[in-house]
Amino acid sequence: MTPENNIKQYILGHRISLIVVLCLFGLCIQSSITPRKKRRKTDERVYLIHSDELRYDQFGNNPEAQIVKGHVQFTHQGAHLWCDSAYFYQVSNSVKAFGHVRFKQGDTLSLTCDYADYDGQEQKMAARKNVVLTHRRQVLHTDSLNFDRLYNYAYFFEGGTLTDAKDKLVSDWGEYHMDTRQAVFYFKVKMKTADRLITTDTLYYDMAKSMAHVVGPHSKITTNTSVVNTSDAYYNTKTDKAKLYGRSTLVDKQKQITGDTLLYVKNGDSYGYGRVVYIDKENKNSLLCDKLKYNEKTGNGYATKHALLKDYSQGPDTLFAHADSIKLFTFNINTDSIYRKVHCYNKVRAYRTDVQAVCDSLVFNSKDSCMTMYKDPIVWNGGRQILGEVIKVYSNDSTIRKAEIIGQALSIEQMPDSIHYNQISSKDMNAYFIQGKIREAESIGNVRSVYYPVDDKDTSMIGLNYLETDTMRMYLNPERKLDHIWTCKFTSTLYPMTQIPPEKEKLDAFAWFDYIRPIDKFDIFNWRGKGKDKSLKVIKRREAPLQHLNSR
């Protein structure tokens, strides 16, 4: 074999080996790769299903259009389109439909209009004139609507009306998403429910949840009896529940409530949070707090956190009262015999220019117009201080007519020199008023008094008159000056000013709490209690004798 043949045989052997290697390598690669599934083709063409007449106008305005007339029907990716006549552009995959246009997609969506321009490439439809879009139970009426099949939403821009069961919504511009069943409306929005009208600039509406989100600085929710002014509110048209944010105000006849957050439930528990202000114009009072709870059906309420009660029913002066918590109970609601009870408890302080009060708890009953103060109550009027175990104040047409001090009653009047005090202590006291002015004061049971008579000429004190009796009545003139005194059997001693025994200057029950007295309407939030040694004595009540039946 020649060298040349050896070289050829060598090269041929290597070629065969290389081919074998490549074949084996290719088989390995092919066996390691999973064959791809072929992508399913979708037919994106618009098909003409039927027409009574079809023609071309090659020399007219639409040379690319197929002109179809009479019972025209198209189909495109599961949707159907009917009309009286149309221009069918097969190249651009679009249709211009005229007359009695009807579009249907699935079992939940249908559309009718006078004219429609449908683009099969982008799956968009522009419907004009007398447009009615129906999706489930929602019906939209407008004259200009664009529908996007790809994203399944529609919007109108020249005014529209959406009807959802009993709810009707009108606006200048809006959009509706079929998948989420959520809608947005802008400009001159009005939503009419069974008994409410909502007006706003922007409204988001969730059809599935019947939830309306009202946004706008001049938004209103109006009923036959009430108006809500808000800038941010959620309202459920089915349950009639509302969540009001952004410092909203609810006005119901003569009553008004304002708060940073109001949660309203018809015939249920409603709440107010953050700088809540409740105003009752009919009864001339208001309530301020940071947390309020009220039930419209039962008439019961609760206020706490910086609770402040204002009452301006008794003339130009306003009574300011504060307590840790205030509760309202309503009885016989929606009847002619309705009445209410207000409970103020823990650290009650009240201020008005002519009267101030402090106690631990207070109850007001509108049935008998009685205000009862419990646990170390103290009342100040001018230079007079009154205290006892319980103090009751009765009113008539918002004017005080009677006051009762029950248990360890003590009345102290500071003299003009601020050193001497007129004092009366007894078991109980009664005060009677005419036109809001005290005219009679009655002390009953173990009465003791320290009184400084005054000279009528120079108003100087004559001496100290100490008196003990069982019952004493003091009568005053309209100027609140002492007219005369009546007592039953008594013992009395008059000491000249220079011969007053030190132990007779003050009764053993004497206690002057000027440091507790509220000085203005702002001071009612500053609690100053008595010292432990200044509390009223605990008097045990006599128990009734128990009678035991004979066991025989």
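The values are calculated or read from the model by the stated rules, or taken from the named source; none is laboratory data. Keep in mind the model is a prediction, meaning the values are calculated, not measured. All Cβ positions, even for glycine, are placed from backbone atoms using ideal geometry, and neighbour counts span all protein chains on display. Surface areas here come from the heavy atoms of the whole protein model, side chains and all, with no ligands, DNA or RNA. Shrake-Rupley method; radii C 1.70, N 1.55, O 1.52, S 1.80 Å.
Structure data summary
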read-out: Where a residue in the range 222-237 is more than 16 Å from M211 (Cα to Cα) and its partner, wherever it lies, is open to solvent by 40 Å² or more (accessible area, probe 1.4 Å) and acidic (D, E), with Cβ under 6 Å and at least six apart; value: T223/D195; T225/D252; S226/D252
read-out: Enumerated strands (runs of 3 or more DSSP E) restricted to the range 427-514, each holding at least 1 residues that are in contact with a Pro (Cβ under 9 Å, 6 or more places away or on another chain); value: 437-451, 463-476, 490-496
read-out: R149 being under 40 Å from the mean Cα position of the chain (by Cα), farther than 22 Å from S51 by Cβ and either modelled with pLDDT under 95 or not aliphatic (A, V, I, L, M) (or both); value: no
read-out: Filter result for H177 (in contact with a strand residue (DSSP E or B) (Cβ under 9 Å, 6 or more places away or on another chain), farther than 18 Å from L109 by Cα and open to solvent by 10 Å² or more (accessible area, probe 1.4 Å)); value: no
read-out: Of the criteria (1) open to solvent by less than 70 Å² (accessible area, probe 1.4 Å); (2) more than 25 Å from T230 (Cα to Cα), which one L162 fails; value: (2)
read-out: Residues that are touching a strand residue (DSSP E or B) at 6+ places or on another chain (Cβ under 6 Å) and either over 22 Å from F156 (Cα atoms) or open to solvent by 20 Å² or more (accessible area, probe 1.4 Å) (or both), drawn from the range 109-129; value: S110, T112, D114, Y115, D117, D119, K124, A126, R128, K129
read-out: Some residue of the range 206-217 being part of a strand (DSSP E or B) and among the hydroxyl-bearing types (S, T, Y); value: no
read-out: The range 128-142, subset part of a strand (DSSP E or B) and under 34 Å from the mean Cα position of the chain (by Cα), residue nearest to A208 (Cα to Cα); value: Q138
read-out: Any pair with Cβ under 6 angstrom, 6 or more apart, that starts in the range 256-275 at a residue that is among the polar types (S, T, N, Q) and ends at one that is outside any strand (DSSP E or B); value: N267/E296; N267/K297
read-out: Checklist (1) outside any strand (DSSP E or B); (2) within 16 Å of T304 (Cα to Cα) applied to D368, failing item; value: (2)
read-out: Residues of the range 347-382 satisfying the condition of being among the polar types (S, T, N, Q), open to solvent by 30 Å² or more (accessible area, probe 1.4 Å) and closer than 15 Å to I516 by Cα; value: N381
read-out: Scan of the range 250-291 for residues that are of a type in the set (D, E) and open to solvent by 40 Å² or more (accessible area, probe 1.4 Å), ordered by number; value: D252, D260, D269, E282, D290
read-out: Hits in the range 292-311 (condition: surrounded by fewer than 16 Cβ atoms within 10 Å (Cβ to Cβ) and under 20 Å from I519 (Cβ atoms)); value: H306
read-out: Qualifying residue in the range 328-341 (condition: more than 21 Å from D269 (Cα to Cα), open to solvent by less than 60 Å² (accessible area, probe 1.4 Å) and in a loop (DSSP other than H, G, I, E, B)); value: no
read-out: Which listed residue, of K305, K297, is in a strand (DSSP E or B) and either of a type in the set (A, V, I, L, M) or more than 16 Å from V363 (Cβ to Cβ) (or both); value: K305
read-out: Residue that is nearest to the chain's Cα centre (by Cα), among those in the range 90-127 that are closer than 16 Å to L145 by Cβ and aromatic (F, W, Y); value: F103
read-out: Subset tally (residues that are out of contact with any Phe, Trp or Tyr (no Cβ under 9 Å at 6 or more places or on another chain) and part of a strand (DSSP E or B)) for the range 51-79; value: 5
read-out: Tally, over the range 169-205, of residues that are among the aliphatic types (A, V, I, L, M), closer than 24 Å to N146 by Cα and not in a loop (DSSP other than H, G, I, E, B); value: 7
read-out: Some residue of the range 399-407 being at pLDDT 95 or above, outside any loop (DSSP other than H, G, I, E, B), open to solvent by 40 Å² or more (accessible area, probe 1.4 Å) and not basic (K, R); value: yes
read-out: Complete set of residues in the range 230-249 that are open to solvent by less than 30 Å² (accessible area, probe 1.4 Å) and among the aromatic types (F, W, Y); value: Y235
read-out: Search result, residues across the range 201-235 that are over 19 Å from the mean Cα position of the chain (by Cα) and among the hydroxyl-bearing types (S, T, Y); value: T202, Y204, Y205, S210
read-out: Among residues of the range 435-450, those that are farther than 14 Å from K481 by Cα and either among the aromatic types (F, W, Y) or open to solvent by 70 Å² or more (accessible area, probe 1.4 Å) (or both), counted; value: 2
read-out: Residues of the range 233-255 satisfying the condition of being closer than 22 Å to I279 by Cβ and part of a strand (DSSP E or B); value: A233, A242, K243, L244, Y245, S248, T249, L250, V251, D252, K255
read-out: Residue count, the range 65-89 (criterion: open to solvent by 70 Å² or more (accessible area, probe 1.4 Å) and either within 53 Å of the chain's Cα centre (by Cα) or in contact (Cβ under 8 Å) with a residue 40 or more places away in the chain (or both)); value: 1
read-out: Odd one out for G106, checked against (1) among the small types (G, A, S); (2) closer than 29 Å to K69 by Cβ; (3) crowded, with 16+ Cβ neighbours inside 10 Å; (4) at pLDDT below 95; value: (3)
read-out: Scan of the range 442-494 for residues that are small (G, A, S), farther than 18 Å from L410 by Cα and in contact (Cβ under 8 Å) with a residue 12 or more places away in the chain, ordered by number; value: G463, S492
read-out: Selected residue (criterion: modelled with the lowest pLDDT) from residues of the range 180-196 that are closer than 14 Å to K238 by Cα and open to solvent by less than 60 Å² (accessible area, probe 1.4 Å); value: T193
